[in-house]
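Undergrad: Below is a structure I'd like to ask you about.
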Amino acid sequence: MKAFFALVALAAGAAAQTASFLIPQPGATIAPGSTVTVQVHQDESTSDDVQLGIAIGLATCFSGTCANYDPAQDGMGTILYSGPFNPQFNSSDPEAGLQESFTLTFPGSTGPSVLSIAQMQAVGVNKIPTFNVVDVVIEMSD
Ligand SMILES: *[C@@H]1O[C@H](CO)[C@@H](O)[C@H](O)[C@H]1NC(C)=O
């Protein structure tokens, strides 16, 4: 029984806390070619997960809907940022939790689009390398 609980604890400890978009929200409109501040939230971890870096990409959904678009399978599109991710608390914006803002220049493309984050972390007490992708569907339009 003790071993069982230890295993459950290990499994729970290894579940990655992931990044997600605070800005933009789903359905937001972003003007093609504009420079926009994107805010990325990171769920807090009890095990001091180490952030290994992120990429942020924008893919246009040429079918006219992003309902079946999965950036992990179909691609991230244009990479708007790739590099370090160092989410911090900002006392001026406490409800955002651990967060980092990125000022990104969006491409001139229009239509429904998937903004995605690919994230690498070393998770849990043993620092298991972990990869995940999250996304938000936005509209590129003036
Ligand atoms: C903290 O949040 C305020 C208000 O949103 C912002 O103006 C400031 O640039 C932020 N500071 C950092 C270090 O991100």
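The values are calculated or read from the model by the stated rules, or taken from the named source; none is laboratory data. In this text the structure is predicted, and so the values were computed from the model without any measurement. Cβ atoms come from the backbone with ideal geometry, glycine included; neighbour counts cover every protein chain shown. These accessible areas exclude ligands, DNA and RNA; they are computed on the full protein's heavy atoms, side chains included. Shrake-Rupley method; radii C 1.70, N 1.55, O 1.52, S 1.80 Å.
Undergrad: Tell me the label-point distance for the pair THR29, ASP93, using the 7 Å Cα-to-Cβ offset, in nm and rounded to one decimal.
TA: With each label placed 7 Å out from Cα toward Cβ, I get 2.3 nm.
Undergrad: Distance from a point 7 Å along Cα→Cβ of THR110 to each backbone N in segment 55-81: keep the residues under 16 Å and list them by number.
TA: Residues 60-65 fall inside that zone.
Undergrad: What is the local net charge at ASP49, summed over the other residues whose Cβ is closer than 11 Å to its Cβ (Lys, Arg +1; Asp, Glu -1)? Walk me through the intermediate numbers first.
TA: Values: positive: LYS127; negative: ASP43, GLU44, ASP48.
Spelling it out: positives minus negatives among the neighbours equals -2.
Undergrad: With every protein chain in place, what's the accessible area of GLU44 (1.4 Å probe, Å², nearest 10)?
TA: 120
Undergrad: Still on this model: What's the magnitude of the charge dipole for segment 2-140 around its Cα centre, counting Lys and Arg as +1 and Asp and Glu as -1 at the beta-carbon? Answer in Debye, nearest 20. If you can, show how the numbers build up before the last one.
TA: Working: 2 positive and 11 negative charges, 56 e Å.
Charge dipole, segment 2-140, about its Cα centre: 260 debye, nearest 20.
Undergrad: Using only Cα atoms, find the angle between the long axis of helix 2-14 and the longest principal axis of the chain, and express it within 0 to 90 degrees, rounded to the nearest 10.
TA: Taking Cα atoms only, the helix is inclined about 20 degrees.
Undergrad: How far, in nm, would the chain grow between ALA122 and SER63 when pulled straight, counting 0.36 nm per residue and subtracting the alpha carbon separation?
TA: Details: separation 59, 0.36 × 59 = 21.24 nm, distance 3.61 nm.
Length gained, ALA122 through SER63: 17.6 nm.
Undergrad: May I ask for the net charge around THR110, where only other residues with Cβ less than 15 Å from the Cβ of THR110 are counted and Lys, Arg are +1 while Asp, Glu are -1?
TA: Details: positive: none; negative: GLU139, ASP142.
Around THR110, the surrounding residues sum to -2.
Undergrad: How would MET76, MET120 rank on accessible area, largest to smallest, probe 1.4 Å?
TA: Details: MET76 40, MET120 90 Å².
Accessible-area ranking of MET76, MET120, largest first: MET120, MET76.
Undergrad: In the full protein assembly as shown, how much of SER20 is accessible to a 1.4 Å probe, in Å² to the nearest 10?
TA: Per-residue accessible area (SER20): approximately 40 Å².
Undergrad: In addition: Report, as a whole number in µm² per second, the diffusion coefficient that Stokes-Einstein gives for segment 2-140 at 10 °C and 1.306 mPa s using the Kirkwood radius over alpha carbon pairs. It would help to have the intermediate numbers written out before the result.
TA: Numbers: Rh = 16.0 Å.
The estimated diffusion coefficient comes to 99 µm²/s.
Undergrad: On to the next question. Please find the FRET efficiency linking GLU139 to ASP48, where r is the Cβ-Cβ separation and R0 is fixed at 41 Å, and quote it to the nearest 0.05.
TA: Details: r = 37 Å, r/R0 = 0.91.
Taking R0 as 41 Å, the efficiency between GLU139 and ASP48 is 0.65.
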